[in-house]
Every structure is written in C-alpha cells, then in structure tokens.
Amino acid sequence: MNWNEHLPALILIIPLFGAFIAPVCSLGGKTARNILLVAISFLTLIVAFMLWRHVLANGISYYVMGGDKFNLSLPSGMALPVRIILEVDAFSAFMALCGAIVSFAGALFSVNYMNRFTGMGRFVSLYCLLTAGMIGMMVTGDIFNFFIFIEISSIASFGLIAFWRDKPTAIEASFKYALISQVGSMFILIAAGALYGRYNMLNMAAIGSVLKMGSMEKLVLVFLVGSLAMKCGTFPMHMWLPDAYAEAPTGVTCLLVAVSQASLYGLMRVCFSIYGATMGSSFIPWMLIVFGLASMFFGVSMAVVQHEIKRLMGYHSVSQVGYMLLGLGVGLLVLDDARAMADYGFTAIKGGVFHIFNYTMYKALLFLTAGAIYYATGKKDLNEMGGLARRMPYTTFMFVIAAAAISGLPPFNGFVSKLLIYESSFAVHPFLAVVALVTSVLTLASFVKVFQTAFLGPEKSSLAKVQEVPAAMLIGMVVLTAAILGASLFPSWTLSTLVEPAARALVDQSGYIGAILGGGM
Amino acid sequence: MWGKVYTGFGYWDASAWILFFFIAAFFTLWLRSQGRSDYKKGTDQDEIYWSGNEVPEDGEDITVPASSAYWGFRKALEPFYKGLLGMHTGIATDIVGYYVIAVAFLAVFILLV
Amino acid sequence: MIGNAPFFVVGVLFLMGLLGIFMTKNLIKIAIAVSILGSSVNIFLVALGYRTGGTIPVHFLAGEGSTMVMPTPQAMTLTAIVIALATTALLLSLIMLVWRHYGTIDVDEIRRLRG
Amino acid sequence: MRPLSVVVRTGCDIFAWFLVIFGASIIIHGDVTPGGGFQGGAVVATFISLLLVAYGGKKVLSWVRLNIFNSLLVFGLMLFFLLGIMGFPNSFFYNFLAIPHEVVQASGHGVIPPSGTIALMDIAVGIEVAGGLSLIVLSMFRGIRIFREGPMEEELGHDR
C-alpha cells in the first residue's frame, strides 16, 4: 500500500494516538511523557510536510473515511457523497503545515516550561487533542465534521487555558471563552443543520456545487461568518481573546494562535469554496473588510496602553487578524471580476495568505519569548521588568526579530505581506491602506515600548539572579526564528512555492468541487 | 529564490536591502574605527554624557514604567480611550452580547441588501 | 402549518436560551441557558430528519413501513449531545472553581480581567 | 456529602448493579437498536453517581481507585483506535469484518447480519464512556472539597 494516499488520515491519526496514549505513557515518568509530546508533534510536522509536498505535486487529495477504497467518494454510482470525506487542497495543506510547525515549537517549549507542575499526563493529552482538532478543522471537507473538530479544539483549549486551576484569572478567562464559544458553536451547528435540511448534504464541495442564494442561505452564511469571525477574534467579539491568550500556559498560547488561524481557514473556506461566486452581493466582503479595519485599529490602540506583556500581545493578535481579513476580503470583493482579480485581487489574497504564515510564526515566537521572560523572572507586568537584555541575550535577539517582523520593518517577512496588502487594498479605496499603515505604526510603537521597558534600561535589583532559559525552550523559539528568517531572506521563493499555490487553490472553487464530485466513479 | 516580489504597483527586493545593510554596516564600523583609543581614563573624558546632568547611581530611579509610556498619546486621545476601555467591561455576558448583536446586525442587513 | 410547529418550538427555545444568558446574573443559570440553547439546536436537527409516515431507521425488524426517517440528523444529534455533555461538565467545573476563587457566582463580579 | 438513610442505601444496594447490566445491554445491542456505546456508557456511569449520593463521598472514594477508571478510558480509546487502524489497506475506519447482506440471506442463519466493526466499536466506546463519565463524576466530587480541606493538593505554585 502506498502511504502517500493515506496522508490526510495519518495527519489526524498521529495526534489522536498521542492524546489517547498519553495517560499510559505518563506512567513511565517525566522523560517518557516529554519524549511522547515532542515525538508526536514532530511526527505531525513531518506528515504535514509530506502532505503538503504530495498536494503540490498531485493536486487536491481527498480521503473517504471507512470507504472500500480511500478515494471512493461516490460509491456505487451515487449522485452525492455520503461518507465522511477529508479534502486537502493546497490551502489546507499550507495551513496544516503552519499549524504543525507552531505545534512542534510549542511542544518543545512546554517540555521545560511545564516541568514543575503536576497533572502533566493530562496536559500532554489535551495538547495532542488540541493539535488534532486544529488540523482536523483544516483538512475536513464536511461541514458537520468541521463543527466536531471546532468543538474538539474548543474543549481541549478550555481545559488548557484553565490548566493552572489555582490561578483565579485563568479560571475566569477559561469560563469566558467557554461561554462565548459554546454559543458560537450552536450558531455553527444550526447553520450546518439548515444546509443539510435544504440540500440533504453535508459535504462542503457538494453543497457548493448546488448552492443557490436565498434568504435561508444568506442567514446560514451570516451565522457561519459571524461565529468563525468571533473564533478568530474580530473586533466587536474579540474580548475573550486577550484574556484567554494571557492566562493560558505559554506553550498553549502559542498553539492557540494556530487554532484561531484554523477558524480563519474555516471562514475563508465558507466564503470562497462553498459560496464563492454565487454569493452575489458584495455585502459580506465589505463586512469582512470593515471587521478587518475595525479589529486592526481598535486592537492595536488597546494594545498600546496595556502593560501586561502577554495581554498586550493578545491585543496585537486582534489587530493582526484584521490584516488577513482585509486582504482576503478585498480578494473576495472582486472574486467574479476577472480583470480586477488579475489587477489587484489576487495580490490581496496572496498578501492575506502570506500574512497568515507570517502571523502564525512571529506571533507564536512573541508569545514564547514572553513565556521565557515569565519563566526566568516570574513576572508578567512590564512595570517590574528592566535590563533583561544582558541576562537573556538569546531571548532578546529572537524577540527583536519577531517584533521587527510584526511591525513590518523592511527586511522581515511581515513587511512583504503587509506591502502586498497595502498596495492591493489601495486600489479599492485609499482609506483602507491608510488605516493599515497607521496600525503598522502603532504596532511598532507598542513593541518599542515592550523592548525598551523589558529588555533595555538599567537592571532592576529584583532581577539580579535571572538566567537564560533552558536549551529546550530556546530550541522551540529557534524553530520559529528560522521560519521567520527563511521567509524574510527568500520572499520570492516563499511566495511562489508556499503562498501562491495556496492562494490559487483558495480562489479555485470549481477545482475544489470537481475533485470530490468527479472522482471514484 | 533571491528574485523580486511584484506587488502590481512596485516590487520588493530582499537582496538589495541586505546589500544596503552591508554597506551601511561597513560605513558604521569604519566610522567607529576612526575613534581614538588614547583618551585619558579617570578624567571627565571617561564620564557618561547624560544631557549635561549628573548620572544617578541607581538606574532604577530614572526609568519610566511601562504604564506611563506614551502618556501624552493617551492623554490626547482621552475621550477615545474612555469609550474603548468602557467597552471592555470584562463581564462574560457582555462579551456574548457583543457577539450576538454583531450576528443580528449582519443577519438583518444581509436580508435587506 | 402544523408541520412547522417543531421549528417554532426551536425558535422559541433558542431565544429563551439567548435571553437566559443575558437576563440572569447567576452563573449556574447561565450554564442552564447554554444547555437550553443546545437542546433547541438538537430539536432542530431531529425535526429536520423527520419524513411523514416514516419508521425507525433500523433496517431489520422495523415493521412494514417503506419510508425511513433520515438517520443522518439523528447521528448528528447524538454527536452534538455528547459534545454538549462535555462542555456542560466543563462549564460546571469551571463555575465550581470560580466560586472557590471569587466567593461569588454573580457574573458581574467576575471581572478581574478587563481593559 | 454525608451518607443518606438506611432505606436509600438498601435501595441502592438492590438496584445499582442492575444499572450496570442495563447499560451493558444497551452497549452490546448498540448496532441494532436505538442506543449504543455512549448511551450505555452513560447509564453504566450513573452507578458511581448513585453510590456517591447514597453512601457519601468519603466511603466511595475509599472503595474505588481512580486508576481503574483511567485504564478503562484508555483501554476503550485504544480499542476504538485499533479497530480504525485495522481497516488500513483500504481506508481508516474501513469495516473489515462486515458481511454483505446478500451473503447473510443466502446462508440463511440469523435474522440480523453481523455489523462487523460497528458493534465492536460500540463496545469500545461503551467502555471508554463508562470509565470517562465515572471519572468526571468523581473528579467533580473531589473538586467540591478542593479548597475546603486545606490548600490545593499538589499543584501549588504556578509562579514558583
């Protein structure tokens, strides 16, 4: 048998296996558990990479769970796909690769970071489950299964955010997230049910092939867009995000960044692949742009006045998600206008997709550096820090790279994706580009503040005994730094191999549909 | 691999930027190497220059805490920040409320347009 | 018209759940409201699968009827119930810990994270 | 929780075990009747909550060992997982034990055709849910007492 055919299933099997075996493995002591955590996330990374290579070489790959053959999507001449189908196109594979890199870095970081806490068997279990849920959201081709995976990842993240149960704020943040995400999931489920009642199908590609806009479909679209935008932290619904990001253990925060990107993936999948050109009106694209602008500007202006390091970065997550929504919204706006699409729309989508990669890498790295500071000093308030650059040189170096990348300073990858977004959104209306530029300036301002107060300045007497963090944590950060530097130094290579196939797959609605409905006969 | 990234209106070239960095670094290091190493130690030449003021012994006294950074910015935008911070009440039901209102807004308007 | 009755019930229950979240201050009652919301969605799914005059969706020993009620929404409902159970258990555990830490289950008092 | 009166405890003694039998029956008939692994497992798990209510926490916690439920949970999950893996040359979760309908009718024995791995997966899920829900009930019960009796067990010091 050819393992390449089973890669879409394997990428789910491996983290699930890790989640199930973790309680047994933790009987073997600390070392066995840590090896399991790192090995599982590393294997996931390898499989994600192979899947990505496979998809780039052979086109969309899909997988029928429990079918007689892995690619029998329409058994015995049926007109509709019936089983649970995983569908991986270049965009999904790209997202899964990003998620797997971040998951690996977070696992390496957690080995030392979580060393002194009990209940680590459960931690490893939930971490693997969160990875499985995140990757499941990215590879599934079935709207109900998307709901299942969103719930798996939500439940795992409630547990992980409240992992330090003796910390009142962690419980509070977890409760807020649990409440809002439960309400949001119910909206998603009602949308999936409505689509099923209308078309008797749950497969995204099959629904996309027969969808006709009516008031029901409009409401379904709104429910899906609203809920998934809430999950990735768009402006009026973002309040849970800084709380949850700030209070979770840092290795988990790093993974939560990737999980919010999985929700963004779902949003894009709904908008581009299910609805696509049949959406008709430009209301939803404009709403995505408006949400994007609002989250950009208000997120960053909240971040400027924060003085708790992880909370500040949490508000930056809100503002960075705005860039992606802006880029992809501009692309969605001109989806059925071939000339504008070639003119600036595809550039906007490329910018948005590239920003997803960049954001996942540098934001995860920023959270890891914040966690390293917390590990070394035991403090998370910027007022109590100072002069850490001499004590923690490697962390400082990586923080500077990440901060420069997130603020869009020229040599780094954040600049490239932001440039693509500025110049293409300028073609729609100059105001969009102006807001994006102002946001970038404010981002730089708030990271200058973090850098100046935490790393520069005179040493505090209370921080005299601070040391550099252990090697495993540094390696976790180095993985992400290497990804950032690679994307910064070779932007055209990254764009042509990593980003462009993903962007092309995203706009290619008929390809996504045809892979399922044309195969296996 | 080292090529240019075309944005439709212009392009970005990483290698040119890196080249510029090397040139700038060369000039900086060259300027620095012009400095004199035969200054007199222990005299005023050795002192830290801090805007002509006395340099305090303990640096901790003169640091600006993070919550006071950008004080002017915050003061100038006082009404804006008052509204924005007033929105972040931190009450769980308010968070859900904003979400439900946003979805209801979208639902009403998508049916109208 | 009477065929739409389940959907009216769904709508009423859904609104009850949403209002329950906003109108009460007690965390336990909010958790109950979330459960009501989940139940309304489950009723919606089950009602979708009903076919007039259909029998149970088990192939054997099912009686004479030739049309079967759609089994897919029922499978979906069961899955949703399992998930709702997990989240309810987690919500209640979190509320328990909130009460231990804060000494109150009034939702307006639990706001150390703000701004 | 304090133990309830002797009437309740005797009632619990008589009926508690029937819940386990009833749950097991639901689990093993999961493929042909309404119900299945999760429902049966949930019924089995009510056994523990009944004991907790009738006998009080102190006694029940001294009777049971959490590791038993933990191992039930892991065993069920691994069984489920293994059954999924065993379909592998065809696809994940492939039903490799199923006998087609025509073959069963031709052979003429049995009214109900064997459903293959579906029944086995039901049993696996039943074991897992029974263990997991009992664990949830017991952990939530322990959580009630978590701060009342002295400080938090073991997990002090998220900030060293």
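Rg and Dmax of chain B over Cα atoms: what are they, in angstrom?
Cα radius of gyration and Dmax of chain B are 27.8, 81 Å respectively.
Rounded to the nearest 0.05, what FRET efficiency do B:Val64 and A:Val438 give with R0 = 22 Å and r taken as the Cβ-Cβ distance? Could you check?
Details: r = 24 Å, r/R0 = 1.10.
The calculated FRET efficiency here is 0.35.
Computed on alpha carbon atoms, what radius of gyration and Dmax characterise the stretch A:97-186, expressed in Å?
Cα only, the stretch A:97-186: 13.9, 41 Å (Rg, Dmax).
How large, in Å, is the stretch A:37-135 by the Kirkwood hydrodynamic radius built from its alpha-carbon pairs?
On the way: mean 1/r = 0.0654 Å⁻¹.
One over the average 1/r among Cα pairs gives 15.3 Å for the stretch A:37-135.
Determine the calculated [θ] at 222 nm for chain A from helices alone, applying -39500 (n - 2.57) to every DSSP H run no shorter than 4 residues and normalising by the residue count; nearest 500 deg cm²/dmol.
Working: 21 runs with 369 residues, N = 521.
Result for chain A: -24000 deg cm²/dmol, rounded to the nearest 500.
Work the Kirkwood hydrodynamic radius out for the stretch A:281-489: mean of 1/r over every pair of different alpha-carbon atoms, inverted, in Å. Spell out each step's value before the answer.
On the way: mean 1/r = 0.0570 Å⁻¹.
Evaluated over the stretch A:281-489, this radius sits at 17.5 Å.
Order the peptides A:112-120, C:102-110 from the highest to the lowest mean number of other Cβ atoms within 10 Å of their residues. Walk me through the numbers on the way to the answer.
Details: A:112-120: 17.3, C:102-110: 15.6.
Listed from highest to lowest mean packing, they are A:112-120, C:102-110.
In peptide C:75-88, what is the residue-averaged number of other protein chain Cβ atoms found within 10 Å of each Cβ?
Values: counts 1, 8, 2, 5, 7, 9, 3, 8, 10, 5, 5, 9, 9, 1.
Whole-number average of other-chain Cβ neighbours for C:75-88 is 6.
In degrees from 0 to 90, rounded to the nearest 10, what is the angle of the helix A:471-489 Cα long axis to the longest principal axis of chain A?
Long axis of A:471-489 versus the principal axis of chain A: about 60 degrees.
What residue among A:Ala389, A:Gln467, A:Leu108 has its Cα farthest toward the positive end of the dipole of chain A, where the charges are +1 on Lys, Arg and -1 on Asp, Glu, each on the Cβ?
A:Gln467
Points 7 angstrom from Cα along the Cβ direction at B:Leu85 and D:Leu97: gap in nanometres?
Spacing of the two 7 Å Cα→Cβ label points: 6.4 nm.
For the stretch D:6-144, compute Rh as the Kirkwood radius over C-alpha pairs and then the Stokes-Einstein diffusion coefficient at 37 °C and 0.692 mPa s; write the answer in µm²/s, rounded to an integer. Please report the intermediate quantities before stating the final value.
Details: Rh = 16.6 Å.
Answer, rounded: 198 µm²/s.
Could you give the dipole magnitude of the stretch D:6-144 about its Cα centre, charging the beta-carbon of Lys and Arg +1 and that of Asp and Glu -1, in debye to the nearest 20? Don't skip to the end; give the middle numbers.
Working: 5 positive and 5 negative charges, 147 e Å.
It works out to roughly 700 debye.
With r defined as the distance between the Cβ atoms of A:Asn4 and A:Ser510 and R0 fixed at 35 Å, what FRET efficiency is calculated, to the nearest 0.05? Intermediate results must be reported in sequence, preceding the final value.
Numbers: r = 25 Å, r/R0 = 0.71.
Taking R0 as 35 Å, the efficiency between A:Asn4 and A:Ser510 is 0.90.
Give me the Kirkwood hydrodynamic radius of the protein assembly as shown in Å, from all C-alpha pairs, to one decimal place? Before the final figure, lay out the partial values.
Numbers: mean 1/r = 0.0344 Å⁻¹.
About 29.1 Å, per the Kirkwood formula over Cα pairs.
Each label point is 7 Å from the Cα along the Cα-to-Cβ direction; what then is the distance between the points at A:Ser496 and A:Ala340, in nm?
3.0
What is the magnitude of the charge dipole of the protein assembly as shown about its Cα centre, with +1 placed on the Cβ of each Lys and Arg, -1 on the Cβ of each Asp and Glu, and no other charges, expressed in debye to the nearest 20?
I would put it at about 900 debye.
Over all residues in A:183-195, what is the mean tally of Cβ atoms on other chains that come within 10 Å of each residue's Cβ? Intermediate values should be presented prior to the final figure.
Values: counts 12, 4, 7, 13, 6, 1, 12, 7, 0, 4, 13, 3, 0.
Taking the mean over all residues of the peptide, I get 6.
Please report the spacing between the Cα centers of the stretch A:367-391 and the stretch A:271-314 in Å, no decimals.
30
What is the projected area of the convex hull of the Cα atoms of chain A, averaged over all directions, in nm²? Can you show the working numbers first?
Working: hull surface 89.4 nm².
Averaging across all directions leaves 22.3 nm² for the Cα convex hull.
What shape does the stretch C:2-109 take by its C-alpha gyration tensor, where a ≥ b ≥ c are the square roots of the eigenvalues and a/c under 1.5 counts as rounded, a/b above b/c as prolate, and the rest as oblate?
Numbers: a/c = 5.65, a/b = 2.22, b/c = 2.54.
Oblate, since a/c reaches 1.5 and b/c is not below a/b.
Taking each residue of A:372-380 in turn, how many C-beta atoms of other protein chains fall within 10 Å of its C-beta, and what is the average? Provide the component values of the computation, followed by the final result.
On the way: counts 0, 0, 1, 1, 0, 0, 3, 1, 1.
Mean partner-chain Cβ count within 10 Å for A:372-380: 1.
Just flag the trypsin sites (Lys or Arg not before Pro) in the stretch D:2-91 sitting in loop per DSSP whose Cβ has no more than 10 other Cβ atoms within 10 Å.
Working: sites: D:Arg9, D:Lys58, D:Lys59, D:Arg65; in loops: D:Arg65.
Answer in residue order: D:Arg65.
Pairing the Cα long axis of helix B:92-112 with the longest principal axis of chain B, what angle in degrees results, from 0 to 90 and rounded to the nearest 10?
Helix B:92-112 sits at roughly 60 degrees to that axis.
When Rg is the radius of gyration of the Cα atoms in the stretch A:125-266 and Rh is its Kirkwood radius, what does Rg/Rh come to? Write down the numbers at each step before the final one.
Working: Rg = 15.6 Å, Rh = 15.5 Å.
That ratio equals 1.01.
Out of the trypsin sites (Lys or Arg not before Pro) in the stretch B:54-93, which ones are loop residues according to DSSP with at most 13 other C-beta atoms within 10 Å? Could you put the intermediate results ahead of the total?
On the way: sites: B:Arg74, B:Lys75, B:Lys82; in loops: none.
Nothing satisfies the criteria.
Can you tell me how much longer the chain between A:Ser462 and A:Leu56 gets when fully stretched, taken as 0.36 nm per residue apart minus their C-alpha distance, in nm with one decimal?
Answer, rounded to one decimal: 140.9 nm.
Where does helix D:37-55 land angle-wise versus the long Cα axis of chain D, in degrees 0 to 90, nearest 10?
Value to nearest ten degrees: 20.
I'd like to know which of A:Leu409, A:Leu366, A:Ala277 lies farthest towards the positive end of the charge dipole of chain A, counting +1 on Cβ of Lys and Arg and -1 on Cβ of Asp and Glu.
A:Leu366
If packing is taken as the average count of other Cβ atoms within 10 Å, what order do A:429-437, A:101-109 fall into, highest mean first?
Values: A:429-437: 15.9, A:101-109: 28.7.
Going from most to least packed, we get A:101-109, A:429-437.
Going down the table (A:Lys460/B:Lys40; A:Lys212/A:Lys418; A:Lys310/A:Lys460; A:Lys212/A:Lys350; B:Lys82/C:Lys29), which pairs top 24 Å between alpha carbons? Could you put the intermediate results ahead of the total?
Numbers: A:Lys460/B:Lys40 31 Å; A:Lys212/A:Lys418 35 Å; A:Lys310/A:Lys460 20 Å; A:Lys212/A:Lys350 28 Å; B:Lys82/C:Lys29 32 Å.
The pairs that break the limit, which is 24 Å between Cα atoms, are A:Lys460/B:Lys40; A:Lys212/A:Lys418; A:Lys212/A:Lys350; B:Lys82/C:Lys29.
Scan the stretch B:1-72 for trypsin sites (Lys or Arg not before Pro) in coil per DSSP, keeping those whose Cβ has at most 10 other Cβ atoms within 10 Å, and list them by number. Show your work: numbers first, answer last.
Values: sites: B:Lys4, B:Arg32, B:Arg36, B:Lys40, B:Lys41; in loops: B:Lys4, B:Arg36, B:Lys40, B:Lys41.
Passing both the DSSP loop test and the Cβ count: B:Arg36, B:Lys40, B:Lys41.
Given a Förster distance of 25 angstrom, what is the FRET efficiency for D:Leu82 paired with A:Thr31, based on the Cβ-Cβ distance and rounded to 0.05?
The pair D:Leu82/A:Thr31 has a calculated efficiency of 0.45.
Throughout, read-outs are computed from the coordinates displayed, never taken from laboratory work. Not measured: the values here are computed from a predicted model. Every residue, glycine among them, receives a Cβ derived from its backbone with ideal geometry; neighbour counts consider all protein chains shown.
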